[in-house]
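Have a look at the structure below before the remarks.
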Amino acid sequence: QVQLVESGGGLVQPGGSLRLSCAASGIIFSLYTMRWYRQAPGKQRELVAVISTGRITNYADSVKGRFAISRDNAKSTLYLQMNSLKPEDTAVYYCKAEQLSTTYWGQGTQVTVSS
């Protein structure tokens, strides 16, 4: 059974930092491209960052220079380091695993940026 379990969300003040984790099981993690998405209330889900099997990364313009995606294949875990957080970063953050036409999603973790 495939599971992706996000953790690390919470309430943080503007300018603060959080690190999200996505622990995978039931897949050969190193063979999957991994993505972080987010969905704010009333908005469509949007891509935040992606890391390929070869560790090539790409980011949405809105988070470039503030967020960093990484992966630890030995631990089957994906990370998202989020710095200089803004209120507009408030959303539910989801991880996604992709291999060709096969995709798996996590259940999401809430990030709230507010003073």
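Here are the numbers for the structure shown:
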{"item": "Cβ-Cβ under 6 Å pairs, at least 6 apart or on other chains, segment 95-106 side at pLDDT 95 or above, far side of a type in the set (Gly, Ala, Ser)", "result": "Cys95/Gly106; Tyr104/Ala97"}
{"item": "Answer residue from segment 62-112, given it is surrounded by fewer than 21 Cβ atoms within 10 Å (Cβ to Cβ) and touching a helix residue (DSSP H, G or I) at 6+ places or on another chain (Cβ under 7 Å) and is farthest from Ser7 (Cα to Cα) among those", "result": "Gln99"}
{"item": "Subset of segment 7-44 that is out of contact with any strand residue (DSSP E or B) (no Cβ under 7 Å at 6 or more places or on another chain) and assigned to a loop (DSSP other than H, G, I, E, B) - its residue that is modelled with the lowest pLDDT", "result": "Pro41"}
{"item": "Hits in segment 26-66 - residues which are charged (D, E, K, R) and in contact with a Phe, Trp or Tyr (Cβ under 8 Å, 6 or more places away or on another chain)", "result": "Arg38, Arg45, Glu46"}
{"item": "Complete set of residues in segment 78-97 that are touching a Lys or Arg at 6+ places or on another chain (Cβ under 6 Å), over 13 Å from Tyr37 (Cα atoms) and not in a loop (DSSP other than H, G, I, E, B)", "result": "Gln81"}
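The values are calculated or read from the model by the stated rules, or taken from the named source; none is laboratory data. Only a predicted model underlies this, so the values are computations on that prediction, with no experimental measurement involved. Cβ coordinates were reconstructed from backbone atoms using ideal geometry, including for glycine residues, and neighbour counts include every protein chain displayed.
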